[in-house]
Amino acid sequence: MPDAVIRHGDKELTLPTYVGTEGETAVDIGKLRTEMGMVTLDKGFGNTAEGHSTVSYIDGESGILRYRGYSIEQLAESATFLEVAYLLQYGELPNKAELESYVEAITLHTLLREDVKHLFEAFPNTAHPMQILASATSALATYYPDALDPLDADAVDISSRRLIAKTPTMIAWSYKYSVHQPYVYPDNDLDYSSNFLKMMFSVPAEDYAPDPVLTNALNMLLILHADHGQNCSASAVRLVGSGHANIFSSVAAGIHALSGPLHGGANQAVLEMLEGIYASGEDIDTVVKRAKDKSDPFRLMGFGHRVYKNFDPRARIIKKAAEDVLDALGVDDPLLDIALRLEEVALSDEYFVERNLYPNVDFYSGIIYRAMGFPTDMFTVLFALGRLPGWLAQWRELAADPSTRIFRPRQLYTGEPLRDYVSIEDR
Ligand code: SDX
């Protein structure tokens, strides 16, 4: 691969370049500051790779997403979420024995310590589930201090399994507390998605039979959210992990990053936007006009993406699933009609077309979560549950890489030059 050359003034620097699996090219600027006295500026890191990764591949122009080389379409169609969690973390699809062993290991760790209940009960009833989840995830490090060393592969393995196993229980128990219902314990006879739905929606006074329509839809949604390269929250997990913070603290940082409405919080914001349009009766053309108006802070939530300049492949699958699940449940949700109409109008409007703004993963997912019975403020927690194996895979990749360095970006200082202190009397 030919080197790159940077010339500035009378200086010239030759920089090595690398080619990725799919032909993308990177220039290594590792010597830029020492040799040229310069740093790069790249708002939002839109053109900057911190390093190599083998976990996911995204082609934003073509609308392609693959986990460890497998297309998201095939995994969503044929895999289970725990199979994908294994694939993302260990790099290969498990064989039958490996999958059975992994599923058993997860199943046998689904219980929480009884005193974790006090954590959920300490929060005000109005607490947002993402704040609770981040706090509870951090707290797990205090209950399991035996396996926190990021450089001990066995400790990382057991802590990763504890997180995958216990997060559904934490989510369900914090929900049960918020609706003043009894906690429902994990049922080890059920698969991952069915067990979560039972902990969420069953009550001790009634039998509960998982609905395969909901179980299969949740399994598919969790797979579609499982990883997405160096997105905002995965970068937060890697940054915190680069300082050798433990895996619980790193994942808690990812949960906080995901909660923002520009990131995972968008799935809640989309539903609130659709509910607002439905309640106000505002016509779609007016909504789209407002989204284009720079003087109006309103954005079409669930639209646009830093990387996808084509249809988000996940949105395409979720859109179809939303229609199928609502049909199967016999639900006629006017918000789906509004979403479909919004998509139709926006994608025929040159403002969206010239900026390559398409529906993203968050645009339709909330329609399904709502049909399943989840409250709107829990949608981003469901995103976090899906993204957990991706965060773990990204963090483990970084921790296992001997060339990893602590993340410490530079800056271009444009503040005040040196000046002397002025005593309070003279100010
Ligand atoms: C996720 O990175 C990932 O992979 C994230 C994610 C994952 O799986 O981890 O895919 C999950 O976070 C999906 C995105 C969810 N967020 C939303 O739906 C919020 C609404 N979308 C936007 O705020 C925005 O599109 C972002 C945040 C998603 C992307 O922001 P960028 O890349 O910084 O793009 P930008 O803000 O610079 O926008 C470019 C232009 C601007 O207009 P101009 O200045 O060129 O005139 O497009 C406009 C923006 O104003 N624009 C929108 C818009 N999104 C971008 N205008 C109206 N509505 C929108 N939704």
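Bear in mind that the values in this text are calculations on the coordinates, not laboratory data. Because the structure is predicted, anything quoted here is derived from the model rather than measured. Every residue, glycine as well, gets a Cβ built from its backbone with ideal geometry; the counts of neighbours run over all protein chains shown.
Laid out as a table, the results:
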| item | result |
| --- | --- |
| Binned Cα-Cα distance frequencies in the stretch 5-149 - 10 Å width, integer % | 8, 21, 23, 25, 16, 6, 1 |
| Ratio Rg/Rh [Cα only; Rh per Kirkwood] for the stretch 202-258 | 1.22 |
| On Cα atoms only, tilt of 313-329 relative to the major axis of the chain in degrees | 10 degrees |
| Descending principal axes extents, the stretch 286-340, alpha-carbon based, whole Å | 42, 26, 11 |
| Sequence of SER233, SER423 once ranked by neighbouring C-beta atoms within 10 Å, starting from the fewest | SER423, SER233 |
| Where Cα atoms sit under 22 Å apart: lysine pairs in the chain separated by 8 or more or lying on different chains | 15 |
| Angle between the chain longest axis and helix 81-90 axis [Cα atoms, degrees, rounded to 10] | 30 degrees |
| log10 of Debye I(q)/I(0), alpha-carbon scatterers only, for the stretch 71-121 at 0.14, 0.16, 0.28, 0.29 Å⁻¹ | -0.49, -0.58, -1.06, -1.11 |
| Nearest 10 degrees, 0 to 90: helix 247-258 Cα axis against the chain principal axis | 90 degrees |
| Volume in Å³ per residue [convex hull over Cα atoms, computed for the stretch 282-427] | 260 Å³ |
| Calculated FRET efficiency for the pair TYR90/LEU262, C-beta based, R₀ 45 Å, to 0.05 | 0.90 |
| Hydrodynamic radius by Kirkwood, which averages 1/r over all alpha carbon pairs of the stretch 77-233, in angstrom | 16.8 Å |
| Vicinal HN-Hα couplings computed from phi for the stretch 382-393 (Karplus, 6.51 cos²θ - 1.76 cosθ + 1.60; Hz; Gly/Pro x) | 5, 4, 4, 4, x, 6, 3, x, x, 4, 5, 5 |
| ³J(HN,Hα), Karplus 6.51/-1.76/1.60, whole Hz, each residue of the stretch 293-303, x for Gly, Pro | 7, 5, 7, 9, x, 5, 10, 6, 5, x, 10 |
| Rg in Å to one decimal, and Dmax rounded to a whole Å, for the stretch 79-158 via C-alpha atoms | 15.7, 45 |
| Built amide H within the under 5 Å cut-off of ILE64, gap 5+ | ASP59 |
| Note, ³J(HN,Hα) from phi for the stretch 180-194, Karplus 6.51, -1.76, 1.60, rounded to Hz, x at Gly and Pro | 6, 10, x, 5, 10, 7, x, 10, 6, 7, 9, 6, 3, 5, 5 |
| Long-range HN-HN contacts of SER56 with modeled amide H, under 5 Å | ARG68, GLY229 |
| Global size of the stretch 177-276 as Cα Rg and Dmax, reported in angstrom | 17.0, 48 |
| Per residue Cα convex hull volume in Å³ - calculated over the stretch 376-427 | 236 Å³ |
| For the chain, Kirkwood radius (reciprocal of mean inverse C-alpha pair distance, Å) | 23.4 Å |
| FRET E, pair ILE6, ALA97, Förster distance 41 Å, beta-carbon r, rounded to 0.05 | 0.20 |
| Value of Rg/Rh across the stretch 167-221 [Cα atoms, Kirkwood radius] | 0.95 |
| Packing-based order for 223-229, 30-36, 280-286, using average beta carbon neighbours within 10 Å, highest first | 223-229, 30-36, 280-286 |
| Mean projection area, nm², convex hull over Cα of the stretch 337-407 | 7.7 nm² |
| Rg and Dmax of the stretch 235-366, Cα atoms only, in Å | 16.7, 51 |
| Most mobile listed residue (LEU15, LEU274, LEU398) in the chain, GNM with C-alpha springs under 10 Å | LEU15 |
| Residues whose placed amide H lies under 5 Å from that of LEU15, excluding near-sequence neighbours | ALA4, VAL5, ILE6 |
